[in-house]
Amino acid sequence: MKNLFLLRHCEAYHFEENKSDHEKQLNENGRKCARLLKNWFEKNNIVLDYILTSSANRTLTTANIIFSNYENKIYQKKELYLCDYKEILKELKILDNNYNSVIIVGHEPSISESLKFLISYCRPDLEYVTKSFYPTGGLSVINFNITNWNKIDEKTGILDAFITPQYLEEYEKNN
């Protein structure tokens, strides 16, 4: 079984003078959301084998905050910056089969396109996810009944969970 996490970077500044889109930084809310996600990963004892991120500043910062304990497992690829789902699929198919839990930190629309392409089924309470806007900091958890990453293809995954920083913030307030 392989597990894939698809994470859209956390909230960034919309416009920063003299900065390109690639250089955009997380704003304070984005940093707070990344810390909420970090806590969620830690509380749920989720261990990742490989963390693949776009080379954009906002995706790298998101990954570095959430996975500060895994710095040696964070890899960046320029090709993931503003790519389409086909590039993400290509990267997944060449993964080492010893990796069972992998996360991709990327951008819209490639993250939501990848999700829609990969899943064949989801829990009934998650059907809204593929019909909705994929928010910053949104995290999909997809399970695949495969042993080899090159077997990943259209409609081979099951959407098991969808987490947002807003949900985590509400949960923390109420518990």
*Of all residues in the stretch 153-175, count the ones that are within 19 Å of the chain's Cα centre (by Cα) and either of a type in the set (Ser, Thr, Tyr) or buried (at least 20 other Cβ atoms within 10 Å of the Cβ) (or both).*
8
*Does the stretch 128-171 hold any residues that are among the aliphatic types (A, V, I, L, M) and at pLDDT 95 or above, and which are they?*
139, 141, 142, 146, 152, 158, 159, 161, 163
*asked:* Please verify whether residue 32 is in a helix (DSSP H, G or I), of a type in the set (D, E, K, R) and under 14 Å from the mean Cα position of the chain (by Cα), treating the condition exactly as stated.
replied: no
*If you check 48, 52, 36, 80, which single one turns out to be within 24 Å of residue 144 (Cα to Cα), of a type in the set (A, V, I, L, M, F, W, C) and out of contact with any Ser or Thr (no Cβ under 8 Å at 6 or more places or on another chain)?*
52
*The one condition in (1) more than 17 Å from residue 111 (Cα to Cα); (2) surrounded by 14 or more Cβ atoms within 10 Å (Cβ to Cβ); (3) of a type in the set (Phe, Trp, Tyr) that residue 5 fails to fulfil*: (1)
*Residue count, the stretch 71-80 (criterion: more than 23 Å from residue 28 (Cβ to Cβ) and within 15 Å of the chain's Cα centre (by Cα))*: 5
*Might you check whether a residue that is touching a residue at least 24 places away in the same chain (Cβ under 8 Å) and within 16 Å of residue 140 (Cα to Cα) occurs anywhere in the stretch 12-32?*
no
*Counting only residues that are surrounded by fewer than 16 Cβ atoms within 10 Å (Cβ to Cβ) and either in a helix (DSSP H, G or I) or aromatic (Phe, Trp, Tyr) (or both), which one in the stretch 40-66 is nearest to the chain's Cα centre (by Cα)?*
42
*Taking the stated definitions as given, is residue 13 under 22 Å from residue 162 (Cα atoms) and of a type outside the set (A, V, I, L, M)?*
no
*Starting from residues that are more than 16 Å from residue 145 (Cα to Cα) and of a type in the set (A, V, I, L, M, F, W, C), keep the ones in the stretch 101-114 and report whichever is surrounded by the fewest Cβ atoms within 10 Å (Cβ to Cβ).*
111
*Give the residue, chosen from 73, 38, 32, 43, that is within 19 Å of residue 167 (Cα to Cα) and out of contact with any helix residue (DSSP H, G or I) (no Cβ under 9 Å at 6 or more places or on another chain).*
43
*Criterion violated by residue 174 - all others in (1) of a type outside the set (D, E, K, R); (2) within 22 Å of residue 94 (Cβ to Cβ); (3) at pLDDT below 95 satisfied*: (2)
*asked:* Condition first: closer than 20 Å to residue 33 by Cβ and either in contact with a strand residue (DSSP E or B) (Cβ under 7 Å, 6 or more places away or on another chain) or of a type in the set (Phe, Trp, Tyr) (or both). Now tell me which residues in the stretch 65-75 satisfy that.
replied: 67, 70, 74
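The values are calculated or read from the model by the stated rules, or taken from the named source; none is laboratory data. Predicted, not measured: the structure shown is a model, and the values here were computed from it. We place every Cβ from the backbone using ideal geometry, glycine too, and count neighbours over all the protein chains shown.
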